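Laboratory data are not the source of any read-out in this text; all were calculated from the coordinates shown. Because the structure is a prediction, the values reported are computed rather than measured. Every residue, glycine as well, gets a Cβ built from its backbone with ideal geometry; the counts of neighbours run over all protein chains shown.
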Amino acid sequence: MDTYCAKLMEYEKYLVSNRLVQKDKAKYYVNWADKFLHGINYRDEAINQNSIVSFINSMERENRYADWQIRQAENAVRMYIINFQKIDIRPKAPIANETVDKKDTVLSWEGALLKVKDSMRLRHYSYHTEKTYVDWIERFRDYSGRENADLVTDEDVRNFMTYLAVKQHVAASTQNQGFNAILFFFRYALERQMGEMGSNVRARRPLRLPVVFSTAEVARIISHLEGTPALMVKLMYGCGLRLNECMRLRVNSIDLERGLVHIRAAKGDKDRMVPLPVSLKDELEKQLERLKELHKKDVSQGYGQVHMPEALDRKYPNASSEFGWQWMFPMTKPSVDPRSGRVMRHHVLDRRFQRIVGEAIEKAGVNKHGTCHSFRHSYATHLLEDGTDIKVIQELLGHKSLETTMIYTHVAQKKIAVVESPLDRLGSCDGVGK
């Protein structure tokens, strides 16, 4: 016990001296670490992924901690274990020729969720998708009422999907998102295939035409933005980027010499290149200069790292500190990476940016239910109206199927404008317009 008290005192000094947290907050991080260690009776052999998950889950069940406290606690524990104690808590590879009798093992929900997270990270799913899938699996766990994960049945899935549609009245896209999460859970956590679900489980998404801004509306919206949000909107509209693609741009994604933007690991884990608007060259050069100064400052303070895909991180261990891999649109302050526990600078957050854009749309007097994704829709529609070949637009958008791109033919103004209304043919007939 005395040994751990000394370690915790050293941990507090470590946090402050390395500027990982503010001096007045270091004591809270130490308290969280002590609370975790107390829960495992201060046993080194009990420090692993399962004990961390159990600790966080116990906090959530108590219903007396705010979300930010739970996040702070998890960061504190992971920093203590990974950064300070340098304990490797990654899942160990099975020993060669070692056999496990699956009949004698029981898969707990905590263990299943760990397998889901490990499988998603192995397949380079985004952290946002990981959180979404875990949330869905937890909802399914609570609904099924099964004590252990390996006790769930196909009938549980059917009942849950019906419950979402009939009782919760969720949209088809939401229902399908939940189904995909549970399907992933079956394949990679339970390691078994889900049976035939039938058409009543997979909801069909209704056809909805995209919201498209006119060029004048885009200009008005941008006029109510400044700084980083303005540049991001210009890139989304000028290059047809999804919000996530724009947020995750890195310095080496921008090729100013060739006038191209390299979008890496986009939807479907596909790369593509799109032309860079000539009008943005000066703004991007200024942004890169600002980023160089920011990176120098981070390096001087012991930071300067960014999150890297795990395969690249292993192959090029120093790449995360190189300027070329820094985010084009970083956050103002460094933070703790939720996966590795390391302190680094993350890219801007989508919710804050979406709120800023929403306010700009309102100020611009645009009476459409537009979102950040509407700039991508507007890009495709305006290209089509200007005569760009539909297959070229498909490639620029990164669509797998041409059918997906064809939706923009329904909203292209020049295609619709050639149709004359039968009312206009009545001319000055008696009774018309009176």
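Exposure proxy for TYR11, TYR163: other Cβ atoms within 10 Å of each Cβ, ordered fewest to most, give TYR163, TYR11. Which value in nm describes the separation of the simple spin-label points at MET273 and ALA6, placed 7 Å from the Cα toward the beta carbon? Label at MET273, label at ALA6, 6.0 nm between them. For the chain, find the longest principal axis of its Cα atoms and tell me its angle to the long axis of helix 67-78, 0 to 90°, nearest 10. The helix 67-78 is inclined about 50 degrees to the chain.
Please find, in a Gaussian network model of the chain (springs between Cα atoms separated by less than 10 Å), the residue of SER279, SER51, SER374 whose mean-square fluctuation is greatest. Maximum fluctuation in the GNM of the chain, among the listed residues, is at SER279. Each of SER54, SER17, SER214 was scored by other Cβ atoms within 10 Å of its Cβ. Listed from fewest to most, they are SER17, SER214, SER54. Which shape class, rounded, prolate or oblate, goes with the range 2-84 when its Cα gyration tensor gives a ≥ b ≥ c as root eigenvalues, a/c under 1.5 marks rounded, and past that a/b bigger than b/c marks prolate? In terms of gyration-tensor shape, oblate. Taking Cα atoms only, the orientation of helix 109-122 departs from the longest principal axis of the chain by about 60 degrees. Put in line by how crowded their Cβ is, counting other Cβ atoms within 10 Å and starting with the fewest, LEU280, LEU241, LEU183 read LEU183, LEU280, LEU241.
If you look at the Cα atoms of the chain, you get an Rg and a Dmax of 26.1, 100 Å.
Between the Cα long axis of helix 373-385 and the first principal axis of the chain there is an angle of about 30°, rounded to the nearest 10. For the range 11-72, trypsin sites (Lys or Arg not before Pro) meeting the loop criterion (DSSP other than H, G, I, E, B) and having at most 15 other Cβ atoms within 10 Å: ARG19, ARG43, ARG64. Computed on the chain, with alpha-carbon pairs under 8 angstrom and 6+ residues apart, the relative contact order is 14 percent.
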